[in-house]
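Here is the structure we will look at, set down as C-alpha cells.
The values are calculated or read from the model by the stated rules, or taken from the named source; none is laboratory data. Just so we're clear, the structure is a prediction, and the values are computed from it rather than from any experiment. Cβ sites come from the backbone with ideal geometry, for glycine too, and all protein chains shown count toward neighbours.
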Amino acid sequence: MSVDIIYEDDRWQSAGLEPLAEAATAAALSHLGLDAEEWEVSLLACDDARIATLNAEFRGKPVPTNVLSWPSEERGAETPGARPDLPEPGFDPELGDIAIAYDTCAREAAEGGKPLADYVTHLIVHAVLHLLGYDHENDPDAALMEGLETEILGKMGLPDPYGA
C-alpha cells in the first residue's frame, strides 16, 4: 500500500502522521477485504488556512474542517444503508485524495479529551471509507459508516469514537 503524503504543515511530521496514516488506511482496507498492497491514497497534511480554502472551493464552505476526501471515482451505494461496490483490483490503484488540517484536529482532540494520534487515526479511517463510497448523509448510511469505523478502530485497539 502506498500513502503518498505531501507535508504543507511540518507539525504533522512531529505528530507522526506517516505511520498513523499507513496503519489506519491498511486497517480500513483490510477490514473490507481489500489487499492494502494493491491501493494508493494521497494525503495532504495541511493547516486550517489551506483546508478552509479547499472546503470553500469544493464544498462552498469557507471555513476550516478536520478532514476532506475526494474519491477517484463515484462508488456510493444507490440504496440508503447499503454497502457500496468495492473497487476491483488490477485497474487504477488510486483510491483518491485526503486533506487533513493540523489546527482543527489538535483542537478537536483536546476538546474531546482524546490523544491526537487516536483522533487522527479515526479521521483517516473515516476519510478512507469516504474514498470507498461510504457516507453519512442520511441515518442508514451514517449507521453503516459509524459501525464500520467502530469495528476498524476496535481491531486497532482504539475506543469507540461515537461512544458516550
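Checked against (1) of a type outside the set (Gly, Ala, Ser); (2) under 25 Å from Tyr7 (Cβ atoms); (3) at pLDDT 95 or above, Leu32 meets all criteria but (2). For region 53-64, the criterion of a residue being within 22 Å of Ala142 (Cβ to Cβ), under 18 Å from the mean Cα position of the chain (by Cα) and not charged (D, E, K, R) is satisfied by at least one position. For the residues Ile100, Ile6, the requirement of being closer than 19 Å to Met156 by Cβ and among the β-branched types (Val, Ile, Thr) singles out Ile100. Residues in region 141-164 that are among the acidic types (Asp, Glu) and assigned to a helix (DSSP H, G or I): Asp141, Glu146, Glu149, Glu151. Looking only at residues of region 90-123 that are acidic (Asp, Glu) and within 16 Å of the chain's Cα centre (by Cα), we find that the one that is modelled with the lowest pLDDT is Glu94. Here is the figure for region 120-135: residues that are more than 13 Å from Pro84 (Cβ to Cβ) and surrounded by fewer than 20 Cβ atoms within 10 Å (Cβ to Cβ) total 0. Flag: Pro87 matches the condition of being surrounded by 15 or more Cβ atoms within 10 Å (Cβ to Cβ) and modelled with pLDDT under 95. Summed over region 90-114, residues that are of a type in the set (D, E, K, R), surrounded by 13 or more Cβ atoms within 10 Å (Cβ to Cβ) and out of contact with any strand residue (DSSP E or B) (no Cβ under 7 Å at 6 or more places or on another chain) total 4. The number of residues in region 130-140 that are over 15 Å from Pro71 (Cβ atoms) and either assigned to a helix (DSSP H, G or I) or in contact (Cβ under 8 Å) with a residue 60 or more places away in the chain (or both) comes to 2. Filtering Ala77, Ala127, Ala109, Ala117 for residues that are of a type in the set (A, V, I, L, M, F, W, C) and free of Cβ contacts under 8 Å to residues at least 24 places away in the same chain leaves a single hit, Ala109.
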